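Remarks on the structure that follows.
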Amino acid sequence: MELLFLGTGAGVPGKLRNVSSLALKMLNERGAVWLFDCGEATQHQILHTSLKPRRIEKIFITHLHGDHIFGLPGLLGSRSFQGGELPLTVYGPEGTREFLQTALSISKTRLQYELTIEEVEEGVIFEDEQFIVEARLLEHGIASYGYRICEKDKPGALLVDELRKDNIPPGPIYKDIKAGRSVELEDGRIIQPHKYMGPPQKGRILAILGDTRPCKAAVMLAKEADVLVHEATFSAETPQMAHDYFHSTTVQAAQIAEEAGAKVLVLNHISSRYTKEEAKGLKGEAETVFKPVVLAHDFMEVPVQ
């Protein structure tokens, strides 16, 4: 899994950063992409990458401020025009359905694929055999959610050397053993799979937060996350401004990562007030509290491992 940042700015598009959107690339895991937020011109940003809109399986909206949703109707329409036929689900706060239905209806946009809109509440909002996604309400001026994406543990590696040592011939039997099924051999032996499997591979955890002040929900979502993506709209020098506008500073984001026991912190949603040179100092502010820190920029890729 890799995170591809399509827009890392706050509020309005800037020369250095577009507004919020990031893609979770899961091409090896499920042949799909999940998108988190879809600010203005997200589809333009996608044109500069290898992403294919038809691969987007799910879109998670953190909140309904324009810098997080104004690109959504256009992207949904373009996905249809570009041959996207597979179903797509959009998750977001109350109001997401009305926003999309109104925009698509008034513009007479007819999608060639099935669109499902799920308005989320706190708790598990999606689960299948691979992943669980949990949403929690953060502290912002409007309803803003953070998402915790947990990959389920995977079976351990097949111990082929042990199988050969016990004269268990290769073939479909190996597939059954790896699937956890007991197998009876031609000589009458019953093979129990646990003896020939390595330890389970622990699933990865990713936390992606919407706009927020520091809060307990953020810590809960980020608990022992392999990667935490946290907004850092303001520098550590302006904590009162961050509070007044329902945002976080670099140091506050680092404090959340430290308290949660996250492994990597990615600072995102950077105010356009900071020049390219000034933005470099934001990473250092966070590093006074927590390491390692990554300062996101548009088109950056961060592995989730």
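The values are calculated or read from the model by the stated rules, or taken from the named source; none is laboratory data. As the structure is a prediction and not an experimental result, all values here were calculated from the model. For neighbour counting, all protein chains shown are included, and Cβ atoms are generated from backbone atoms with ideal geometry for every residue, glycine included.
Structure summary
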read-out: Residue list for segment 256-276, restricted to those being on the phi < 0 side of the Ramachandran plot and either surrounded by fewer than 18 Cβ atoms within 10 Å (Cβ to Cβ) or without any contact (Cβ under 8 Å) to a residue 12 or more places away in the chain (or both); value: Glu258, Glu259, Lys263, Ser272, Arg273, Thr275, Lys276
read-out: Any hit, segment 23-42, residues being touching a Pro at 6+ places or on another chain (Cβ under 6 Å) and surrounded by 24 or more Cβ atoms within 10 Å (Cβ to Cβ); value: no
read-out: Candidate set: segment 173-218, residues that are charged (D, E, K, R) and surrounded by 14 or more Cβ atoms within 10 Å (Cβ to Cβ); chosen: the one nearest to His243 (Cα to Cα); value: Arg213
read-out: Among the candidates Glu129, Glu134, Glu186, residue that is without any contact (Cβ under 8 Å) to a residue 24 or more places away in the chain and within 26 Å of the chain's Cα centre (by Cα); value: Glu129
read-out: Hits in segment 1-20 - residues which are outside any strand (DSSP E or B) and not hydroxyl-bearing (Ser, Thr, Tyr); value: Met1, Gly11, Val12, Pro13, Gly14, Lys15, Leu16, Arg17, Asn18, Val19
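Here's the yes/no breakdown for (1) closer than 30 Å to Lys202 by Cβ; (2) in contact with a helix residue (DSSP H, G or I) (Cβ under 8 Å, 6 or more places away or on another chain); (3) not assigned by TED's automatic domain parsing to the domain that holds His297; (4) not basic (Lys, Arg):
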residue: Ala32; (1), (2), (3), (4): yes, yes, no, yes
residue: Phe36; (1), (2), (3), (4): yes, no, no, yes
residue: Ile46; (1), (2), (3), (4): no, yes, no, yes
residue: Arg54; (1), (2), (3), (4): no, yes, no, no
residue: Glu98; (1), (2), (3), (4): no, no, no, yes
residue: Thr116; (1), (2), (3), (4): no, no, no, yes
residue: Gly141; (1), (2), (3), (4): no, no, no, yes
